[in-house]
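Read the structure below first, then the notes.
The values are calculated or read from the model by the stated rules, or taken from the named source; none is laboratory data. Values in this document were obtained by computation on a predicted structure and should not be read as measured data. Here the Cβ is made from the backbone with ideal geometry for all residues, glycine too, and neighbour counts use every protein chain on show. These accessible areas exclude ligands, DNA and RNA; they are computed on the full protein's heavy atoms, side chains included. Shrake-Rupley method; radii C 1.70, N 1.55, O 1.52, S 1.80 Å.
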Amino acid sequence: MSVDLNHTIVHSRDNRESAEFLATLLGLDIAGEWGPFIAVVLGNGVTLDFATVPAETITPQHYAFLVSEEEFDAAYAQIRERGIEHYADPQRRQPATINHNDGGRGVYFMDPAGHAMELITVPYGGWPA
C-alpha cells in the first residue's frame, strides 16, 4: 500500500466562511460536517477539514493547489471579480498580476484566516520528462 495524505486540519476564524471561500473559488464540493470540521474535498480525495479556532491561535500556513489551465482561468476570474488582493510572488511585491514560472501560470492570495494560498498550473520544476 502506498502512503497518501488523507486529510489535514485547517485552522480558521470561521470554518464555514473559509471552507466556502475555497470551495467556491476552486469549484470544489463541501463534503460535509463532522463535529467541529467542515470538509472540502480535493480532486485527489484529500480533504481540507476547516476548524474554527480563536484567531490569535492561528499560525498562517501555505497551501498550493495544482490546477488545470481552465480551472486557473475560472479561479483567477473570480479573484479579480471579487477584488481579492493577489500577487505574482510569495513576497507580495508584484501585486495584481500572475507569474509564469516553469512555463505555467501562478498566483498567490490570502484566505479569510490569513493562510497563503497559491494556484499553479505547472508543478515546481516543471513536468517530469
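Considering the conditions (1) more than 26 Å from V122 (Cβ to Cβ); (2) in contact with a helix residue (DSSP H, G or I) (Cβ under 9 Å, 6 or more places away or on another chain); (3) not β-branched (V, I, T), E20 is excluded by exactly one of them, (2). Considering the conditions (1) of a type outside the set (D, E, K, R); (2) open to solvent by less than 20 Å² (accessible area, probe 1.4 Å); (3) at pLDDT below 95, A129 is excluded by exactly one of them, (2).
Consider F65 carefully, then state whether it is closer than 26 Å to V3 by Cβ, of a type in the set (F, W, Y) and either at pLDDT 95 or above or under 16 Å from the mean Cα position of the chain (by Cα) (or both).
Values: closer than 26 Å to V3 by Cβ: yes; of a type in the set (F, W, Y): yes; either at pLDDT 95 or above or under 16 Å from the mean Cα position of the chain (by Cα) (or both): yes.
When the stated conditions are applied, F65 passes them.
Check every one of the strands (runs of 3 or more DSSP E) wholly within region 1-56 and list those with 3 or more residues that are under 16 Å from the mean Cα position of the chain (by Cα) and of a type in the set (V, I, T).
Here the list reads 7-12, 37-41.
Of the residues making up region 75-125, those that are aromatic (F, W, Y), part of a loop (DSSP other than H, G, I, E, B) and open to solvent by less than 70 Å² (accessible area, probe 1.4 Å) number 0. Of the listed requirements (1) more than 17 Å from P123 (Cα to Cα); (2) touching a residue at least 12 places away in the same chain (Cβ under 8 Å), V107 misses just one: (1). R105: charged (D, E, K, R) and either more than 28 Å from D14 (Cβ to Cβ) or at pLDDT below 95 (or both), yes or no? Spelling it out, R105 is indeed charged (D, E, K, R) and either more than 28 Å from D14 (Cβ to Cβ) or at pLDDT below 95 (or both).
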